[in-house]
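Encoded as structure tokens, the structure appears first; notes follow it.
The values are calculated or read from the model by the stated rules, or taken from the named source; none is laboratory data. It should be emphasised that the depicted structure is a prediction, and the values quoted were computed from it without experimental measurement. Virtual Cβ from ideal backbone geometry, glycine too; neighbours counted across all protein chains shown. Note: accessible area is taken over every heavy atom of the protein model, side chains too, but ligands, DNA and RNA are not part of it. Shrake-Rupley method; radii C 1.70, N 1.55, O 1.52, S 1.80 Å.
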Amino acid sequence: MKILVSSTPFASLNVLYTLRSPSIIPPGFSTVCIENSWDPLQTWSKLNGLDEEKDAYYGAENGSYIYLNKSDGMWWVDTPDGGGKYVAPGGKGEGPPKDQGLWRELRGVKTPTPKVEYVE
């Protein structure tokens, strides 16, 4: 499954995302962890999980990524540098929500919120 994100003021987020193995930690996520003296593998395991069947996330060629944070139950959309920009409520067995009204900006981020489309 692929996801196309549009409508955000961030060109790096308005791209195509594909399912990725949870064993491949997004580089930006690792960078943020290291900057905060957190172990990247331990933190990714806690927040995303490492189960190949149920913990896949969506990644883009440019390093942006979308994952379901197990700690807060929210889908996060992060830029390639690991900066979280938007969140939306998650659900078991569901991907990121298509309803633009469910997404909200994190502190200091501009609207509009992401428009999510599922593509084949």
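Output yes when any residue across region 74-87 is in contact with a strand residue (DSSP E or B) (Cβ under 6 Å, 6 or more places away or on another chain), among the aliphatic types (A, V, I, L, M) and over 22 Å from residue 115 (Cα atoms), and no when none is. No, region 74-87 has no match at all. Looking at the chain, the strands (runs of 3 or more DSSP E) lying wholly inside it that each contain 1 or more residues that are touching a Ser or Thr at 6+ places or on another chain (Cβ under 6 Å), surrounded by fewer than 17 Cβ atoms within 10 Å (Cβ to Cβ) and among the basic types (Lys, Arg) sit at 2-6, 115-119. Please find, among 94, 53, the residue that is over 24 Å from residue 15 (Cα atoms) and of a type in the set (D, E, K, R). So the residue among 94, 53 that is over 24 Å from residue 15 (Cα atoms) and of a type in the set (D, E, K, R) is 53. Right, residue 37: under 20 Å from residue 119 (Cα atoms), out of contact with any Cys (no Cβ under 9 Å at 6 or more places or on another chain) and modelled with pLDDT of 95 or more or not? Judged against the criteria, residue 37 is not a match. Taking every residue in region 100-115 that is farther than 18 Å from residue 16 by Cβ and pairing it with any residue that is modelled with pLDDT under 90 and open to solvent by 80 Å² or more (accessible area, probe 1.4 Å), at least 6 positions away or on another chain, the pairs with Cβ-Cβ distances below 9 Å are 105/111.
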